[in-house]
1. What do you get for Rg/Rh over region 205-277 if you use C-alpha atoms and the Kirkwood form of Rh?
2. Using a simple spin-label model with points 7 Å from Cα along the Cα→Cβ vector, what separation in nm is obtained for residue 228 and residue 171?
3. Given 0.36 nm per residue, what is the gain on full extension from residue 157 to residue 52 after removing their alpha carbon distance, in nm?
4. Please rank 420, 436, fewest neighbouring Cβ atoms within 10 Å first, as an exposure proxy.
5. Hey, with R₀ at 60 Å, roughly what FRET efficiency would residue 119 and residue 327 work out to, going by the Cβ-Cβ distance, to 0.05?
6. Please label the shape of region 157-294 as rounded, prolate or oblate, based on the square roots a ≥ b ≥ c of the eigenvalues of the alpha-carbon gyration tensor (a/c under 1.5 means rounded; beyond that, a/b larger than b/c means prolate, else oblate).
7. How much length is gained if the chain between residue 292 and residue 307 is pulled fully straight, taking 0.36 nm per residue apart and subtracting their Cα-Cα distance, in nm to one decimal?
8. By how many nm would the segment from residue 409 to residue 277 lengthen if fully extended, with 0.36 nm per residue of separation less the alpha-carbon distance?
């Protein structure tokens, strides 16, 4: 449908010095083919008719001299005669403190501070009120105020709802909404990013983050429920929310049946349903935080810190690459020298176990694995550890020995292995490093 409904709080007129809030409804009429009967715009429900700006009454067109004298804008010229006809008199003009209090609440949701009240009451310039409004519109609190209404529409919450109502972290989406309002982002961009920001060409992290609008649905983590049932419910929630927020149309009824005079059929419903039914998600999820899939959403300060870390890391990697090139010749010479040396290298001081795998290992392993064996030097395996903390070794499989570099070498052909127990007791630590040569 081409119908788009957008409700936005706007600053209405000054009614005898009193700032009031109003709501503006903008709609685009759907095409005839999108209506059940395909009738003219006159036959459409008022909600689907394109709005037309009325002709504002001029001061000369005021219904009375009193209205002309009292009115400060075209709205006054409409409302004042109706008030008089109903037997009401306009309220007295608000004093400056009340005026600032009302406009501050309207634009920020908070009362003015004492300093702000004092400054406004002492400002006698003719544009003092206009400058106060500009200051409030430029305040970060103004974006927060507008965001509260949008977040209600977007069903934002810090928990999943349903059974355990577990915690979720969707505050980056909330902060993005606040930022978008404070930046006065154009509404077409604001809407597009939330509905399909991830589908834009070369989508940025900010555009993908905006699609959190579609991740605000309730999520069930209760055991025993049917996962597909709730996955489908999440899709239906997105259809209903998109219809209400962006189309100004309740679509829930069309999930089950057609309404005779509604422009949105059950077929239309499931065509929109299919758009959201392509998401990769689980019906039961969110027990331990956010449900998959997720994305990284660093703050501005974190992005700056990450960029600095990446720069430092890149510099270190360049240093490592240069060092590797410089040391390549020395490394080759050292390896060649060690390969031709007939002298065994000394073992590290913290060696817990050293198995030589020479031709004595079979007998030594047999004795060491026997709990009744004594600790005489002839029965001890070749460890450099105290007898009381000696690990136990056991050779499993065939003991086939071949000539080694210094002594014999044990062949591990796939059916032979060595079990070693008690290394942790010997070292006093569960961590170890293993080297074989």
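A short reminder: the numbers here are calculations on the coordinates, not readings from a lab. Predicted model, so just to flag it, every value in this text is computed and none were measured. Note that each Cβ is placed from the backbone with ideal geometry, even for glycine, and that neighbours are counted across all protein chains shown.
1. Working: Rg = 13.8 Å, Rh = 13.5 Å.
With Rg and the Kirkwood Rh in hand, the quotient comes to 1.03.
2. Taking the simple label geometry, residue 228 and residue 171 are separated by 3.9 nm.
3. Numbers: separation 105, 0.36 × 105 = 37.80 nm, distance 3.71 nm.
Length gained, residue 157 through residue 52: 34.1 nm.
4. On the way: 420 16, 436 6.
Ordered by Cβ neighbours within 10 Å, fewest first: 436, 420.
5. Values: r = 69 Å, r/R0 = 1.14.
Computed FRET efficiency for residue 119 and residue 327 comes out at 0.30.
6. Working: a/c = 1.87, a/b = 1.05, b/c = 1.78.
Note, shape of region 157-294 comes out oblate.
7. Details: separation 15, 0.36 × 15 = 5.40 nm, distance 2.62 nm.
Computed gain between residue 292 and residue 307 is 2.8 nm.
8. Values: separation 132, 0.36 × 132 = 47.52 nm, distance 6.29 nm.
Stretched out fully, the residue 409 to residue 277 stretch lengthens by 41.2 nm.
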